[in-house]
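Written below as structure tokens is the structure these notes are about.
The values are calculated or read from the model by the stated rules, or taken from the named source; none is laboratory data. What you are looking at is a predicted structure, and each value in this text was computed from that prediction instead of being measured. Every residue, glycine among them, receives a Cβ derived from its backbone with ideal geometry; neighbour counts consider all protein chains shown. Note: accessible area is taken over every heavy atom of the protein model, side chains too, but ligands, DNA and RNA are not part of it. Shrake-Rupley method; radii C 1.70, N 1.55, O 1.52, S 1.80 Å.
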Amino acid sequence: MSRRGSVLHSRTQWLLLGLALLCSLVLFMYLLECAPQTDGNASLPGVVRETYGKEYYQALLQEQEEHYQTRATSLKRQIAQLKQELQEMSEKMRSLQERKNLGANGIGYQGNKEQTPSDLLEFLHSQIDRAEVNVGAKLPSEYGVIPFESFTLMKVFQLEMGLTRHPEEKPVRKDKRDELVEVIEAGLEVINNPDEDDEQEDEESPLAEKLIFNENDFIEGYYRTERDKGTQYELFFKKADLMEYRHVTLFRPFGPLMKVKNEMIDITRSVINIIVPLAERTEAFAQFMQNFRDVCIHQDKRIHLTVVYFGKEGLSKVKSILESVTSESNFHNYTLVSLNEEFNRGRGLNVGARAWDKGEVLMFFCDVDIYFSAEFLNSCRLNAEPGKKVFYPVVFSLYNPAIVYANQDIPPPVEQQLVHKKDSGFWRDFGFGMTCQYQSDFLTIGGFDMEVKGWGGEDVHLYRKYLHGDLIVVRTPVPGLFHLWHEKHCADELTPEQYRMCIQSKAMNEASHSHLGMMVFREEIETHLRKQAYRTNSEAAA
């Protein structure tokens, strides 16, 4: 322990000495920068070779003066930073000595409040050394490569698209826009105000330091993120009348983990009011109630069901299904609201939300085609908080089982179809209909827009209301929430925008790219198989 303490104490003394020497060096460079320079090869006023007037030299003198003022300001700022670091180091020497006695000589996950600036700076620099920035990494296969995504001033070209992003698009999210703007500005700062090392590289080109680059000189950039290290940026700039490019590499290191919150959440008494708007589709409702019985009644036991039914046709069947569940499971925590009007999902959810009059309650807006697990219900409780958070899970939508399981006589039972595979379904990241939120938040924000008629659109309007407000929107894929395939019918009464959305959803719901490709080229495949069979039979006959 004593040896470790002496080593740490010695390192601290050397660090202070190094900072002092660095401060002296900066002061010395400042004096050199401010000293007038002479150039033996420069033309002097009055010499025969002079072809410029007085105005030219006044402008040149002003330009040089502005350059020196900028450099002086930069050096003063660096000196002030060094003084501040020295002061902080002096103030924390005592706490450092206490940490040394306790053997705490590293940076830990717990986010140590006595962590020194030098320790943090050392950690951030180590992130650059660990990342694949200057030296390549040995990877096990081609799938281990972290690809770059490229960008220009106006566009981002991305590989990971999902279903709502495009191969080429303007960055929509504000954090991404701000990130790229900040990176380009930082690159311009590096070029236009180079440090000492950069200036040494440009000594052979006397015109280089007179060039001022701006954002219009940015040609292209690349970035990639190593999740445990940071984000690397490769930037390229070029003046229109020059052949040379300027290349700047930047790295945004990720800092050590810091504790933000440590709390206990009690969800044992949290009741969820599952609200389902419905019109006809009684067979789908019977299947829904089978899942409801298994998960909500037998496992969770903290659920209230609200069914808002539109129209008269099929209403008696729905009542019969609910009564059957009641008699079999002794379940009475449900409400059936009947509306003799045309189906409107937003209207149904509004009515269902207001039908609850027993105080604050967590609501899950659900559809009859949704299959959920008991684990999802707990995720619903954990990610919604009144006045703070609403939960918008991403549903895994299953493809047409007749196509997915075409090689089988009949598709397997629904429970066996609930797998997350590329050919079995997709993350429905363009859908916002399934959501968990508290009744008070829903009523405060004004509920659904009643002007939206028919299929689609009402959930997006509500989602945008929350995005424009102060509540945190938790958006994430969850493994325990599935959308079961069913045939879609896009009505002629829909608006052009609604019809387009309906057709888009219908196309995406049908099958994966590979299965759709097999269907498109089915005739070609069958022709090939016939030729193979004919060749095999011919060889056997010979």
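What Kirkwood hydrodynamic radius, in Å, does segment 351-439 give when the mean of 1/r is taken over all pairs of distinct Cα atoms and then inverted? After inverting the pairwise mean of 1/r, the radius is 15.2 Å. Ordering 263-273, 228-238 by mean Cβ neighbour count within 10 Å, with the highest value first, yields 228-238, 263-273.
Our coupling estimate for segment 354-360, obtained by passing each phi through the Karplus curve with A = 6.51, B = -1.76, C = 1.60 and θ = phi - 60°, is 7, 6, 7, 10, 10, x, 4 Hz, Gly and Pro reported as x.
Hull volume per residue, based on the alpha-carbon atoms of segment 271-325 and their convex hull, is 64 Å³. Under 5 Å between amide hydrogens, built in the peptide plane, is the criterion, and for TRP356 it picks out nothing among residues at least 5 positions away or on other chains.
A cut-off under 15 angstrom between Cβ atoms defines the neighbours of LEU315, and their net charge, with Lys, Arg +1 and Asp, Glu -1, is -2. Annotation: per residue accessible area for segment 443-539 equals 68 Å², rounded to a whole number [probe 1.4 Å, protein chains only]. Antiparallel as a % of all DSSP beta bridges within segment 226-340, to the nearest 5? Restricted to segment 226-340, the bridges split so that about 45 percent are antiparallel.
Between VAL361 and GLN439, SER440, the built amide H atoms are under 5 Å apart, and every one of these is 5 or more places off in sequence or on another chain. Scoring 274-282, 211-219, 337-345 by mean Cβ neighbours within 10 Å over their residues and listing the highest first yields 274-282, 337-345, 211-219. Here the spin labels are modelled as points 7 Å beyond Cα on the Cα-Cβ line, and at GLU360 and LYS155 they lie 4.9 nm apart. Under a model in which nothing but the beta-carbon of Lys, Arg (+1) and Asp, Glu (-1) is charged, segment 377-519 shows a dipole of about 420 debye around its Cα centre.
Protection proxy ranking for 292-304, 383-395, using the average of other Cβ atoms within 10 Å per residue and placing the highest first: 383-395, 292-304. Just the protein heavy atoms count here, and of the accessible area of segment 303-384 at 1.4 Å, carbon and sulfur take up 44 percent. Couplings 3J(HN,Hα) for segment 238-245, derived from phi with the Karplus relation 6.51 cos²θ - 1.76 cosθ + 1.60 (θ = phi - 60°), are 7, 6, 4, 9, 10, 8, 7, 9 Hz, where x marks Gly and Pro.
Whole-Hz Karplus values for segment 394-409 come out as 8, 7, 8, 9, 7, 7, 4, x, 5, 8, 4, 10, 5, 7, 10, 4 Hz, taken residue by residue from phi with 6.51 cos²θ - 1.76 cosθ + 1.60 and θ = phi - 60°; glycine and proline positions read x. What relative contact order, as a whole-number percentage, does segment 223-318 give when Cα pairs under 8 Å and 6 or more residues apart are counted? Relative contact order here is 23 percent. For segment 255-297, the orientation-averaged shadow of the C-alpha convex hull comes to 6.4 nm² (one quarter of the hull surface).
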